[in-house]
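One structure below.
The values are calculated or read from the model by the stated rules, or taken from the named source; none is laboratory data. Just so we're clear, the structure is a prediction, and the values are computed from it rather than from any experiment. Heads up, the Cβs are rebuilt from the backbone with ideal geometry, glycines too, and the neighbour counts pull from every protein chain shown.
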Amino acid sequence: MLRLGIVDFGTSHVVQFTRRLNRVDIEEEQWVDGAQIVMGCRGTSECCDDERMDEYVETLAGYGVEVVERAEDMIGKVDGVMIETGDGSAHLERARPFLEAGIATWVDKPFASSLADANEMVELAAKNNAPLFSCSSLRFGLEVQEVLADKEGVGDILGAVTYSPASLHERNPGLFHYGIHAVEPLYALMGTGCEAVWCAFTEGAEVTTGLWRDGRLGTVRGTRAGKHAYGFTVWGEKSVRTESINTAHIYRELLKRIVEMFETGKAPVPIQETLEIVKFVEAALCSARNDGARALLA
C-alpha cells in the first residue's frame, strides 16, 4: 500500500480524496485501492479561508492522518505527495522540494498559473526523475471516456465544444481558475495540436475557440452567470454527440489515475499535453486583453 502525503489543505479535494483512498466516511462504490493518505501539512492558501482549512485539518486528523508543521517533514516518509492548494501560482514553490528529492508528485488543478512556472516544474521533474501529473477530474468523466471509446458510433472527433463554470480569481487568471474544468475535457476529446485561439470575454461568460494544426476547431465556454453545468458536444466522423457530465464519480475516476501514476511512475496524461493546456489558457488571456484578437500559443 502506497503512503501519500498532502501539501496544503486549500481545497475540498483534501477531504474528498482522503475519504476515497482511506475508505472512510464514504460509500464503498467510491473506494479507490492502492494508496492511503498518511500525512499532511495544512500550509496556507490565497484561495481558501483559514476557517475552512482548519476544518479540513480537524477532519483529516479524525481520519487518522498525521498533520505535520512543515511539508518537507514528509520527505522520506511518503511514497508520493499531492499538492492541494487551489492557488496555481503557489504550485511551483510547494512542489519544488519534492521534485528536487525525486518524489512522485500530483499537482491539483490548475497545474500552474503561468507557463514559466509550469516549465520550471517540468524541468525539475525531468532533472530529478520525479513522476509528475496534473489535470482536472472532469477529463475522466464517464461520459467523456465513453465517447472517446466509441469508435463505432462516433469515430474520429472532428470538433468539440465543452462548457463549465468559470469563476475568476486574481491568483488564477482567466480559465486557469475554474474554467480549467472545461479546458481539460476539450483536450481529452481533441488531443494536442492547438496553434491559435480567439477569446470573447464578458463579465458573465467567456468563449475561447482554438484552431488545431490539422484544421479542426475546439471551443470552451466558461460561465459566470445563470445556471451552471458541465458538458460537451462532439462532432465525429459518424455522429454528433451531446452529453452532460455527471460529477458523481469524477473523483473516483481521477484517483484511479493518480494511484496509477504513483504505482508506475508514468502520468496518464503526458506532461507535454499539460504544458499545452497552460499555453492555451495564456493565449486565451492574451486574446481577451486584445478584444478577441487571434493569439498564438507560446
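Summary table
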read-out	value
Among the candidates Thr209, Thr162, residue that is closer than 17 Å to Ala288 by Cβ, among the polar types (S, T, N, Q) and buried (at least 18 other Cβ atoms within 10 Å of the Cβ)	Thr209
Residues of the range 67-89 satisfying the condition of being among the charged types (D, E, K, R) and surrounded by 15 or more Cβ atoms within 10 Å (Cβ to Cβ)	Asp79, Glu84, Asp87
Members of the range 16-41 found to be among the aliphatic types (A, V, I, L, M) and more than 25 Å from Arg96 (Cβ to Cβ), listed by number	Val24, Ile26, Val32
Unique match (being on the phi > 0 side of the Ramachandran plot and over 21 Å from the mean Cα position of the chain (by Cα)) among Gly191, Gly153, Gly215	Gly215
Pair list, Cβ under 7 Å, 6 or more apart: the range 103-125 residue without any contact (Cβ under 8 Å) to a residue 60 or more places away in the chain and within 21 Å of Asp79 (Cα to Cα), other residue of a type in the set (Val, Ile, Thr) and assigned to a strand (DSSP E or B)	Ile103/Val81; Thr105/Val81; Thr105/Ile83; Val107/Ile83
Qualifying residue in the range 228-247 (condition: touching a residue at least 40 places away in the same chain (Cβ under 8 Å), assigned to a helix (DSSP H, G or I) and polar (S, T, N, Q))	yes
Unique match (being crowded, with 20+ Cβ neighbours inside 10 Å, among the small types (Gly, Ala, Ser) and out of contact with any Cys (no Cβ under 6 Å at 6 or more places or on another chain)) among Ala229, Ala267, Ala225	Ala267
Residue check for Val234: under 24 Å from Trp31 (Cα atoms) and not assigned by TED's automatic domain parsing to the domain that holds Trp106	no
Only one of Glu184, Glu195 that is among the acidic types (Asp, Glu), assigned to a helix (DSSP H, G or I), in contact with a Leu (Cβ under 8 Å, 6 or more places away or on another chain) and in contact (Cβ under 8 Å) with a residue 12 or more places away in the chain	Glu184
All positions within the range 90-103 that are farther than 13 Å from Asn128 by Cβ and surrounded by fewer than 20 Cβ atoms within 10 Å (Cβ to Cβ)	Glu93
